[in-house]
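Notes to accompany the following structure.
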Amino acid sequence: MVCLGVCEDKLLYRIFKKDEIHYIHKERKYFMKQNEFKKQLVPMNPDNQVNYKLTLNIKELKEITNLIKELERVLGLD
């Protein structure tokens, strides 16, 4: 999953792999976990248990100039 942050003067991103999505049964919630980073995925609306959203802060995103290198690393093309 590639999350994009579109600002007035810059473009940001963060990449997550499918295996970084975890369901914590005790909490009955889904979380995106990446090393020390942990954010909850929340349903798009109260009755929807299929579509989830992830809200990130600008500080949690990376500069778009690094996107190609990170994609190559994630896909094993480096």
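The values are calculated or read from the model by the stated rules, or taken from the named source; none is laboratory data. Predicted model only: the values in this text are computed from it and were never measured. So basically every Cβ, Gly included, is an ideal-geometry build from the backbone, and we count neighbours across all protein chains shown.
Observations on the model:
- Checking I21, I58 one by one, the residue that is under 25 Å from V6 (Cβ atoms), at pLDDT 90 or above and loosely packed, with under 10 Cβ neighbours inside 10 Å is I58 and no other.
- Of the strands (runs of 3 or more DSSP E) that lie entirely inside the chain, those containing 3 or more residues that are touching a residue at least 12 places away in the same chain (Cβ under 8 Å) span 2-6, 11-15, 29-34, 37-43.
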